[in-house]
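Let me begin by presenting the structure, written as structure tokens, before commenting on it.
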Amino acid sequence: MRNRIGGVGKLFGTDGVRGIANEEITSEMALELGKVMGTLKRGKIAVAMDSRISSHMLKSAAIAGVLSTGNNAIDLGFAPTPALQYYVKTSKDVVSGIMITASHNPKEYNGIKFIQEDGREFTRKMDEESEELFKSKKYIVAPWNEVGQLFEDNCYRLYIDGIKEKVDVEAIQKRNFKVVVDCGNGAGCFTTPQLLKELGCKVLSINAHPDGNFPGRNPEPVEENLSLLKHVVKLYNADLGIAHDGDADRVVFVDEKGRFVSEDVSLALMAKYYVEENNGGKVVTPVSSSKCVEDAVTDAGGEVVYTAVGSPVVAEKMVEINAVFGGEGNGGLVFPEHLHARDGAMGAAKMLELMAKQNKRVSELVEPIPKYYTIKEKLPCRDKIKLLEGLKDEFPDANFIDGARMDYEDGWLLIRPSGTEPIVRIFAEGKDKETAEKIFEIGLKAVKRILRN
Ligand code: MG
């Protein structure tokens with residue numbers, strides 16, 4: 001089986017099962033994955049989908065699989081991934097969830113993600129267990145009169161209220177913020193504009209209807225896809241611009257001047273806020289995050305704990321060490337009091353709370369976050385074991401949590417073979433361009449030397 005995102009011969013990648021719909025990820029596969037979940041978890045299973053064209057097909061098949069094992073299923077229809085996760089977490093009789101989404105991937109993709117009873121994504125180990133069952137096909141088959149029943153429910157109100165319970169609604173409402181939100185025709189359309197309205201904001205929504213052709217922009221909320229948002233924020237004289245990816249578990253921001261706030265900077269900003277509010281505490285982030293996160297957290301009296309790349313790993317570590325906050329440098333922010341998972345709408349609400357409580361504009365909040373210059377490149381690499389062995393010789397003092405990360409006085413270097421493609425990524429970061437280039441050269445030379453030998 002060809003599954004580029006999961007890696008060669010592997011079904012589950014770092015973010016569930018992903019691929020091109022009806023080529024790599026088919027209705028048969030969704031049916032079987034529904035059976036897998038129904039066999040592993042006994043009880044009600046909630047299923048939701050993002051706005052992709054193939055989502056109905058995959059959701060229906062996954063539900064059929066669940067019902068065949070004798071479990072009842074709850075169809076939540078369209079929903080952001082964190083809204084499904086919050087529903088699973090807070091509904092007492094729901095034992096797990098299935099999310100049909102390819103997150104930020106282009107429109108031809110889709111995917112299936114498994115959710116645990118506490119709302120977290122399946123861990124790597126659970127994905128492996130699921131994959132084994134998928135291969136052995138030892139599914140539970142219910143007798144005819146015990147086949148599961150299908151119920152329908154809606155998770156928007158529960159999710160929006162859940163967020164409102166955890167932010168200072170009054171403080172935000174008093175400010176009557178003007179906000180532009182770009183849900184990118186994805187699942188965020190169903191919840192974020194409504195939440196912002198209830199927080200007393202004057203809301204202008206762009207790309208605001210769910211559409212699997214993603215006519216407004218590519219679902220990945222990176223700066224080059226957000227020129228309309230930046231423009232409208234300026235035109236509308238808004239206080240904040242907000243954008244989500246296709247399933248609204250990620251959030252990024254544009255300041256009142258229409259400038260994109262780098263994802264690492266918003267992560268640092270939010271981490272600092274949480275450490276300040278908690279009078280210290282631990283913040284979890286992958287080794288690929290910018291040093292500006294560690295600087296901001298340490299400055300505020302907190303501590304950064306690094307993990308391997310991938311949001312389930314971050315969430316797992318957060319639970320283990322009781323972290324006050326966590327996140328990735330791609331707009332994936334984790335607010336433990338709400339959900340141990342990335343949460344786009346919660347991120348938007350918390351940013352407004354921060355602006356309201358500190359009475360500052362976004363540009364003023366961003367200003368004190370240390371600036372770094374980053375270089376990211378990828379090189380072909382077919383022999384990852386050789387690379388990792390070589391890196392241990394080249395950099396014996398490195399941190400080997402995920403690839404090799406070397407910290408220098410004025411920057412850092414990460415050399416990380418991809419888990420899904422035959423490539424190695426080199427990240428270098430420095431206080432300025434020259435330092436970043438110097439550090440990058442060290443990495444590039446080492447990789448070339450190792451792979452040549
Ligand atoms: Mg996503």
Legend entry - Unmet requirement for ARG382, which otherwise passes all of (1) crowded, with 19+ Cβ neighbours inside 10 Å; (2) closer than 26 Å to ILE415 by Cβ; (3) away from the ligand (no atom under 16 Å from the Cβ): (1)
Inset, instruction - Keeping to the range 92-124, report how many residues are more than 13 Å from the ligand (Cβ to nearest atom) and among the aromatic types (Phe, Trp, Tyr). - result: 2
Inset, instruction - Could you please give the count of residues in the range 172-186 that are assigned to a loop (DSSP other than H, G, I, E, B) and within 28 Å of ASP211 (Cα to Cα)? - result: 5
Legend entry - Which listed residue, of VAL287, VAL297, VAL293, is over 27 Å from GLN194 (Cα atoms) and surrounded by fewer than 24 Cβ atoms within 10 Å (Cβ to Cβ): VAL287
Inset, instruction - Please specify each residue of the range 63-91 satisfying the condition of being open to solvent by less than 10 Å² (accessible area, probe 1.4 Å), within 16 Å of the ligand (Cβ to nearest atom) and among the hydroxyl-bearing types (Ser, Thr, Tyr). - result: THR81
Inset, instruction - For the range 223-245, indicate whether the set of residues that are open to solvent by 10 Å² or more (accessible area, probe 1.4 Å), over 23 Å from MET346 (Cβ atoms), within 16 Å of the ligand (Cβ to nearest atom) and outside the structural domain of LEU84 (by TED's automatic domain parsing) is non-empty. - result: no
Legend entry - Residue list for the range 246-261, filter: buried (at least 20 other Cβ atoms within 10 Å of the Cβ) and basic (Lys, Arg): ARG250
Inset, instruction - Scan the range 438-453 for residues that are closer than 15 Å to LYS378 by Cα and of a type outside the set (A, V, I, L, M, F, W, C) and jot them down. - result: GLU441, GLY443, LYS445, LYS448
Inset, instruction - Can you confirm whether the range 417-427 contains a residue that is small (Gly, Ala, Ser), in contact with a Lys or Arg (Cβ under 8 Å, 6 or more places away or on another chain) and at pLDDT below 95? - result: yes
Inset, instruction - Among the residues of the range 105-141, write down those that are in a strand (DSSP E or B) and in contact with a helix residue (DSSP H, G or I) (Cβ under 8 Å, 6 or more places away or on another chain). - result: ASN110, ILE112, LYS113, PHE114, ILE115, GLU121
Legend entry - Matching residues in the range 295-330 - criterion: being more than 22 Å from LYS371 (Cα to Cα) and polar (S, T, N, Q): THR307, SER311, ASN322
Inset, instruction - Test each condition in (1) within 28 Å of PHE325 (Cβ to Cβ); (2) outside the structural domain of GLU276 (by TED's automatic domain parsing); (3) open to solvent by 20 Å² or more (accessible area, probe 1.4 Å) for LYS392 and report the one that comes out false. - result: (1)
Inset, instruction - Return the pairs, sorted by first residue and then second, in which the second residue is open to solvent by 80 Å² or more (accessible area, probe 1.4 Å) and in a helix (DSSP H, G or I), the first residue lies in the range 145-174 and is more than 25 Å from ASN72 (Cβ to Cβ) and not assigned by TED's automatic domain parsing to the domain that holds ASP75, the beta carbons are less than 7 Å apart, and the residues are 6+ apart or on different chains. - result: ASP168/LYS357; ALA171/LYS357
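Table: residues versus (1) open to solvent by less than 20 Å² (accessible area, probe 1.4 Å); (2) not aliphatic (A, V, I, L, M).
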site: LYS125; (1), (2): no, yes
site: PHE134; (1), (2): no, yes
site: ILE140; (1), (2): no, no
site: TYR159; (1), (2): yes, yes
site: ASP168; (1), (2): no, yes
site: ILE172; (1), (2): yes, no
site: ARG175; (1), (2): no, yes
site: CYS201; (1), (2): yes, yes
Inset, instruction - Identify the single condition in (1) in contact with a helix residue (DSSP H, G or I) (Cβ under 9 Å, 6 or more places away or on another chain); (2) of a type outside the set (Asp, Glu); (3) at pLDDT 95 or above that PRO312 does not satisfy, given that it satisfies every other one. - result: (3)
Legend entry - Counted residues, the range 405-424 - those being among the aliphatic types (A, V, I, L, M) and either open to solvent by 20 Å² or more (accessible area, probe 1.4 Å) or not in a strand (DSSP E or B) (or both): 1
Inset, instruction - List every residue pair whose Cβ atoms sit under 7 Å apart, with the two residues 6 or more apart in sequence or on different chains, where the first one lies in the range 247-275 and is under 28 Å from ILE112 (Cα atoms) and among the aromatic types (Phe, Trp, Tyr) and the second, anywhere, is away from the ligand (no atom under 16 Å from the Cβ) and at pLDDT 95 or above. - result: PHE253/LEU240; PHE253/GLY241; PHE253/VAL261; PHE253/MET351; PHE253/VAL362
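The values are calculated or read from the model by the stated rules, or taken from the named source; none is laboratory data. Everything numeric here is computed off the predicted structure, so don't read it as measured data. For neighbour counting, all protein chains shown are included, and Cβ atoms are generated from backbone atoms with ideal geometry for every residue, glycine included. Heavy atoms of the whole protein, side chains included, go into the accessibility calculation; ligands, DNA and RNA do not. Shrake-Rupley method; radii C 1.70, N 1.55, O 1.52, S 1.80 Å.
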